[in-house]
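Q: Before I ask anything, here is the structure I am working with.
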Amino acid sequence: MHTPLLKTLLTERGSQVFLGVLIVTAILVPLLNLAVPADSALHVSTYTVTLLGKYLCYALLAIAVDLVWGYCGILSLGHTAFFALGGYAMGMYLMRQIGTRGVYGDPVLPDFMVFLNWSELPWYWHGFDMFWFAMLMVVLAPGALAYVFGWFAFRSRVTGVYLSIITQALTFALLLAFFRNEMGFGGNNGLTDFKDLLGFDLQADATRIGLFLATAFALGGGYVACRAIAASRAGRVIRAIRDAEGRARFIGYRVESYKLWLWTFSAVLAGIAGALYVPQVGIINPGEFAPINAIEIVIWVAVGGRGTLYGAVLGALVVNYAKTWFTGAFPEVWLYALGALFVLVTLFLPQGIVGLLARARKTA
Amino acid sequence: MAIVKLRPHLAGLLTGVALGAASFAVQAADTIKVGVLHSLSGTMAISETTLKDTVLMMVDEQNKKGGLLGKKLEAVVVDPASNWPLFAEKARELLAKDKVDVVFGCWTSVSRKSVLPVFEELNGLLFYPVQYEGEESSKNVFYTGAAPNQQAIPAVDYLMNDLEVERWVLAGTDYVYPRTTNKILEAYLKAKGVAADDIMINYTPFGHSDWQSIVSDIKKFGSAGKKTAVVSTINGDANVPFYKELANQQISAEDIPVVAFSVGEEELAGLDTGPLVGHLAAWNYFMSIDTPANEAAIANWHAFIKNDERTFNDPMEATVIGFNLWAKAVEKAKTTEVDKVSDAIIGLEVPNLTGGTAKMLANHHLTKPVFIGEIRDDGQLDVVWQTEGEVPGDAWSDFLDGSKDIEADWVTLKCGNYNTKTKKCSGQNY
Amino acid sequence: MTARLHRPPGRTVAHLMLWCWALLLASGLQVAAAQAPGDTHHAEQVAQLATAGFGEKERIVDALLEARHPQTRMLLAAFLDGRLASRKSDGKVFITEDADDGVALVDPVDASAAGTAKSSALRKIGTNNRLRKKLKGAIALFDLDDADAGVRLAAVDEMLRELDATTVSALRTRLGVEDSARVRRALEVGLALADLSSPDAEVRLAAVGTLEGELGTAVYNRLKTLERDEPDARVRDAALSGLRHIDQWRRFYGGVETLFFGLSLGSVLVLAAIGLAITFGVMGVINMAHGELMMIGAYTAYVMQLLLPQHTTLAVLLAVPAAFLVSGLVGVGIERGIVRFLYGRPLETLLATFGLSLILQQAVRSIFSPLNRSVATPEFMSGSWQINEVFSLTWNRLYIVIFALLVFALLQLVLNKTSLGLKVRAVSQNREMARALGVRSARVDAMTFGLGAGVAGVAGVALSQLTNVGPNLGQSYIVDSFMVVVFGGVGNLWGTLIGGMSLGVVNKLLEPWSGAVMAKILVLVFLILFIQRRPRGLFPHKGRAAEGH
């Protein structure tokens, strides 16, 4: 296991570049933020750190989608569900940390519950005051949902667009459910006004840097894990399933279980991305479940280049940076630019940016 | 090697992001920057684009008057795209990167909740121009729209006293503003002796478009022989199909009047108003009110937007009032520094467009007149009732258990969330 | 107060009124009425309207009613319609009528033409709900003697809302001379309702007997109070059995109504999905811009209405073919410009068309502004069809159900009976074979996509009658559309029809029990589970889309 993985990581150019840049960024950004004075041209503002942290969360999410889509041909239009569930698990922990500092000063109930006249904490909120439990849930909630969903779907051999559409139905149903105030997740306002994480003030620069590093670490770890899967024997079977599912089945592979485990792992990655995302953006709301966001993730992967993992990372960064820049620079017309980007990439760059870079290298 | 060739691309991109954002921060401060944080795309663009234009108009006007403190004003517009985390990000961008002196923005409660920690952390200044559920008073936010006691309660009083309504349908979109408003109203109605059987509460999701069953239920509820009214906190997009269904099921305003808190001139412009004549809306401003100030404001707006058909509505007036108050406070404080402006603004008064004055209170809310209007066939509203004088905005409702003991006072108590029973100030972020 | 002092003897006025009324009916409204003794009083009252508050206006209406001047009905009708205005220059009150050059003025005392004015020179005399209700009642008093039985019936219905001594005596008088059976029945019901308050138990019992078989809410509510408060046991029992009867019918019609609501919701889903069923089902193209094609259709209806401002009905009818053309052409453009490069890569069409949907949305925002636009409902589609007292169907929903079925039938016809349809089916089943047999598959692809897009446009016109016409219109239907197509079975129009209708009905059956949101969630969960049982939908179909991905 180890030797082929290490070999892949060290010889594959994309991986080298990606991991290299990730490590350099993870070292440079905190340094430039904390050590360089604010008036220096080299200073990286906290705004930028948070922004980068957010992008890295998206990148992890993109890797999760690329793992199932690029390597196994399962186009998920529902990964936002796992991302948001992970986010909610983290958000619930952060809500419980507020304690008496909420507007109504209730030691146990979050503000929105006091406000809706709830007298006690619903059962599913118990345990979230403990960090380890919340972290367990970050992994378990999306994982279990994905497992149950996948168990049904793959066993029934739901494939292709049908699978895509029911994943969309899944996240849409959750969106509607979480919008309901009766659900006990804060309805449309979601969870917000977080104060601290493990005792660290969320508004402190050091905490932000810590979260940024944690995200970078998770992204690196997630990447290596996905690479490991792809490079393993199971990874080859998974690619075989992508290319000819029927044939793989006839040869005697248990296609369903391969798919199921890959799918569940991908959902867990998405959940972790969501958990890291929430403390950095400061809010989790049912809007994160929106099917339209799920399509956007797929687009990041397509823009970067599917089936390469680092392409997914690149796509997530490019599209989101473009979005940040466009919404600031051309608020009136940015959707034209974004829309055109998607159309042009699919038409002219079927392999995404990674493919373009590879082609450019060949001709050079 | 090829790696060396590739690396500049990727590395350049990443560090480009980092450094590009950082370098913007260094800018000259020879103008006063006014941030505009309204969605220009996505679901909320319908409502918020107009407010962005209103702020631009006010900036333009102020510059024609010579700016403020001898400096020109410069508007910085961003698009948070109806995406709540993006609201927080853009707020941070405006405050940390663009270093704006004041921000006018937000519409939905969730967008305000999303940016609130950012404004408190970076000590920014936000003027929030939309009627909302109350239960909040931040050091860094000035609420120029109505609190529930400036819209909902007077409207219910009117229905009860003038139209002798005995049976109530409280219909709303399922989010915090309707939930709070309906909770306050329910408590208020019960205090006035309305039986629980005579109150029907219904929540629907955002953008609900199939109203057949609900309208049919309302019709049945309203045919029990008692005068019935609908108090609607239905939001935005869902209103058009709701009113269409009302009209088609032939529920007329004389039988079951609907009083809406989120339907104004602008929403009516997207509706065939013929069948809606007589239904009601409660606001603090109506375009049809005949005062010289209002006439001038509308004329300005038409000239600015270059379209005589455009409507003027309540949140726009709230934006105008907020802007004028801020400008006055800056002149009084002789600086745009947030703390000094915040201190200076309390107690300042500017005229409402409909007469009377808007005074900034110590709880960061305004005094406002309340009008009830009936929808006309041309999409305007005729005032049928109004409060005598202005109603002071109450941040914490007196009708809710959790909040009746809480006071907001930024002058003497220096707290937006002071519990008069426990004598404690909680929930503050600094 | 002045009203009473100046009041001439009632009988004379009534005679005069009848006389004048006949004269007016005979010779049209332009004939000046004879100088009646009430003119001065009438004129005085009318003049006061210019400055009166709402309370005063009500008193003036009372006074006018009591005086029964010949022009009272005309005046009140104009008042109700908002066609009463005072001239800003001299405060004189006129009835206004739209004219080519501004507003035509009519004198409210003698109904003579009084020249024209600019609308800015007039101040409308406003009404409010109370006043309008009063005016409707007052006009009903006049309409009770109208020549048209339909008008009389409406007048009786209006008066049943609130019975008092005046209305009851008017009803009784009318019953004596009424010759239409329907109006007689309505009058009897009204009088029976009044009789229920009689101190005589026999009269009350007889009244309950008269009301038997009636389903109206006025009757129901009155019986309900009777059942509670009635001292006489016989009357109470009779009321109770009447109530049971009504309850039974109400339940029955409630069920029918729910079913209709379901079908109507279903037909909206079918309309939204059926275009997709063609592009997605038949061609295997995942068109995320499908919602925006509907949006274009809805905006076409809006533009048609701008072009024909005076002809709402015509505009909507013309909008149907226009939307088909506009959306269809956009669809052909999309196919030629984007989709044709992506055949065989269905998931990538999803991405490209999603980008396109963003562009189209923003284009609409730039052209029409982000605000919702209003599309007027034509006369024939507004209101409802009152089948009986407890059951009515709204016309717009009814027409949309019919419209959806029509569109479906037409599409079936096109696909099964035309040469285009034959080619479409051939290409969808086996592209290579079809090409080998000489079908120009590229052309067929463009036409099919155009057809699907055109149908989406037509659906947009229907939606413009139900909901917002705005840039977000498409987005709110796209997820639902995909669900319907997948549920019904990709590539099968019948599946889409039955799938859409059944999802609509299930949704509406659940709604009273679980609330609107839960109903939708349950439907989605049901759909997810259903797909597990039948991974290819209700009606599986073999075709290009069913193979491969």
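The values are calculated or read from the model by the stated rules, or taken from the named source; none is laboratory data. Please read these numbers as outputs of a predicted model, since none were measured by experiment. With ideal geometry, Cβ positions are generated from the backbone for all residues, glycine too; neighbour counts draw on all protein chains shown. Heads up: the accessible areas ignore ligands, DNA and RNA and are worked out on the full protein's heavy atoms, side chains in. Shrake-Rupley method; radii C 1.70, N 1.55, O 1.52, S 1.80 Å.
Q: Name the helices (runs of 4 or more DSSP H) wholly inside the stretch C:420-499 in which the number of residues that are outside the structural domain of C:Q361 (by TED's automatic domain parsing) and more than 26 Å from C:M295 (Cβ to Cβ) is 3 or more.
A: Qualifying helices (runs of 4 or more DSSP H): none found.
Q: Another question about this same structure. Considering only residues that are within 11 Å of chain C (Cβ to nearest Cβ), farther than 29 Å from B:M44 by Cα and in contact with a strand residue (DSSP E or B) (Cβ under 8 Å, 6 or more places away or on another chain), look in the stretch B:222-248 and name the one that is least open to solvent (accessible area, probe 1.4 Å).
A: It comes out as B:G222.
Q: Counting just the residues of the stretch A:207-254 that are aliphatic (A, V, I, L, M) and within 14 Å of another protein chain (Cβ to nearest Cβ), which one comes out most open to solvent (accessible area, probe 1.4 Å)?
A: Once the filter is applied, the top-ranked residue is A:A244.
Q: Suppose we keep only residues that are open to solvent by 20 Å² or more (accessible area, probe 1.4 Å), without any contact (Cβ under 8 Å) to a residue 40 or more places away in the chain and β-branched (V, I, T) within the stretch A:19-34. Which one would you say is nearest to the other protein chains (Cβ to nearest Cβ)?
A: Among them, the one singled out is A:V24.
Q: If we keep just the residues of the stretch A:85-115 that are on the phi < 0 side of the Ramachandran plot and not in a helix (DSSP H, G or I), which is nearest to the chain's Cα centre (by Cα)?
A: A:P110
Q: Another question, then. Can you pull out every residue in the stretch A:108-122 that is within 15 Å of B:G134 (Cα to Cα) and touching a residue at least 60 places away in the same chain (Cβ under 8 Å)?
A: Matches in the stretch A:108-122: A:D111, A:F112, A:L116.
Q: Give me the pairs, please: first residue somewhere in the stretch A:166-178 and over 12 Å from A:L85 (Cβ atoms), second residue anywhere and part of a helix (DSSP H, G or I) and small (G, A, S), beta-carbon distance under 8 Å, and either six or more positions apart or on two chains.
A: A:I166/A:A153; A:T167/A:A81; A:T167/A:A294; A:Q168/A:A294
Q: While we're looking at this one, here's another question. Scan the stretch A:86-98 and give yes if some residue there is within 8 Å of another protein chain (Cβ to nearest Cβ), surrounded by fewer than 23 Cβ atoms within 10 Å (Cβ to Cβ) and within 30 Å of B:G134 (Cα to Cα), otherwise no.
A: no
Q: If you don't mind, another one. Determine, yes or no, whether B:K340 is open to solvent by 20 Å² or more (accessible area, probe 1.4 Å), away from chain A (no Cβ under 14 Å) and in contact with a helix residue (DSSP H, G or I) (Cβ under 7 Å, 6 or more places away or on another chain).
A: In short, yes.
Q: In the stretch B:269-282, which residues are open to solvent by less than 10 Å² (accessible area, probe 1.4 Å) and either farther than 16 Å from C:V375 by Cα or at pLDDT 85 or above (or both)?
A: Matches in the stretch B:269-282: B:G278, B:H279, B:L280, B:A281, B:A282.
Q: Collect the residues in the stretch A:282-302 that are more than 12 Å from A:F83 (Cα to Cα), within 11 Å of chain B (Cβ to nearest Cβ), aliphatic (A, V, I, L, M) and open to solvent by 10 Å² or more (accessible area, probe 1.4 Å), keeping them in residue-number order.
A: Scanning the stretch A:282-302 gives a single hit, A:I292.
Q: If a residue has to be farther than 18 Å from C:D480 by Cβ and in contact (Cβ under 8 Å) with a residue 24 or more places away in the chain to count, how many in the stretch B:189-219 make the cut?
A: 15
Q: Any chance you could count how many residues in the stretch A:36-84 are open to solvent by 10 Å² or more (accessible area, probe 1.4 Å), outside any helix (DSSP H, G or I) and away from chain B (no Cβ under 14 Å)?
A: Residues that pass the stated criteria total 1.
Q: Among the numbered criteria (1) under 22 Å from C:P70 (Cβ atoms); (2) of a type outside the set (D, E); (3) in the same structural domain as C:S89 (by TED's automatic domain parsing), which one does C:S169 miss?
A: Unmet condition: (3).
Q: Return yes or no: is C:T349 closer than 24 Å to C:G495 by Cα and within 11 Å of another protein chain (Cβ to nearest Cβ)?
A: Taking the combined requirement at face value, the residue satisfies it.
Q: Let me ask something additional. Pick out the one residue from A:V333, A:V319, A:V278 that is crowded, with 22+ Cβ neighbours inside 10 Å and within 11 Å of chain B (Cβ to nearest Cβ).
A: A:V278
For (1) part of a loop (DSSP other than H, G, I, E, B); (2) within 30 Å of B:N419 (Cα to Cα); (3) not hydroxyl-bearing (S, T, Y), each residue gets a yes or a no:
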site	(1), (2), (3)
B:A362	yes, yes, yes
B:T367	no, yes, no
B:W385	no, no, yes
B:A395	yes, yes, yes
B:D398	yes, yes, yes
B:D401	yes, yes, yes
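Q: Another question, if that's okay. Filter the stretch C:148-192 for residues that are open to solvent by 10 Å² or more (accessible area, probe 1.4 Å), touching a residue at least 24 places away in the same chain (Cβ under 8 Å) and within 22 Å of C:L65 (Cα to Cα) and give the result.
A: C:R152, C:L153, C:D157, C:L160, C:R161, C:E162, C:L163, C:T166, C:T167, C:V168, C:A170, C:R174
Q: Hey, can you tell me all the residues within the stretch C:457-483 that are within 19 Å of C:I402 (Cβ to Cβ) and touching a residue at least 60 places away in the same chain (Cβ under 8 Å)?
A: C:G457, C:V458, C:A459, C:G460, C:V461, C:A462, C:L463, C:S464, C:Q465, C:L466
Q: Residue by residue through the stretch A:263-275, note down the ones that are open to solvent by less than 10 Å² (accessible area, probe 1.4 Å), over 22 Å from A:L52 (Cβ atoms) and not aromatic (F, W, Y).
A: Across the stretch A:263-275, the qualifying residues are A:S266, A:A267.
Q: Give me the residue from the stretch B:346-394 that is away from chain C (no Cβ under 14 Å) and at positive phi and, out of that set, surrounded by the most Cβ atoms within 10 Å (Cβ to Cβ).
A: B:H364
Q: Right, here's the next one. Scan C:Q475, C:Q429 and give me the residue that is out of contact with any strand residue (DSSP E or B) (no Cβ under 9 Å at 6 or more places or on another chain), under 25 Å from C:S357 (Cα atoms) and either surrounded by fewer than 21 Cβ atoms within 10 Å (Cβ to Cβ) or of a type outside the set (A, V, I, L, M, F, W, C) (or both).
A: When all the criteria are applied, what remains is C:Q475.
Q: Any residue at all in the stretch B:291-307 that is out of contact with any helix residue (DSSP H, G or I) (no Cβ under 6 Å at 6 or more places or on another chain), part of a loop (DSSP other than H, G, I, E, B) and open to solvent by 30 Å² or more (accessible area, probe 1.4 Å)?
A: Within the stretch B:291-307, one or more residues are out of contact with any helix residue (DSSP H, G or I) (no Cβ under 6 Å at 6 or more places or on another chain), part of a loop (DSSP other than H, G, I, E, B) and open to solvent by 30 Å² or more (accessible area, probe 1.4 Å).
Q: Suppose we keep only residues that are without any contact (Cβ under 8 Å) to a residue 12 or more places away in the chain and open to solvent by less than 20 Å² (accessible area, probe 1.4 Å) within the stretch C:512-531. Which one would you say is nearest to C:G488 (Cα to Cα)?
A: C:I528
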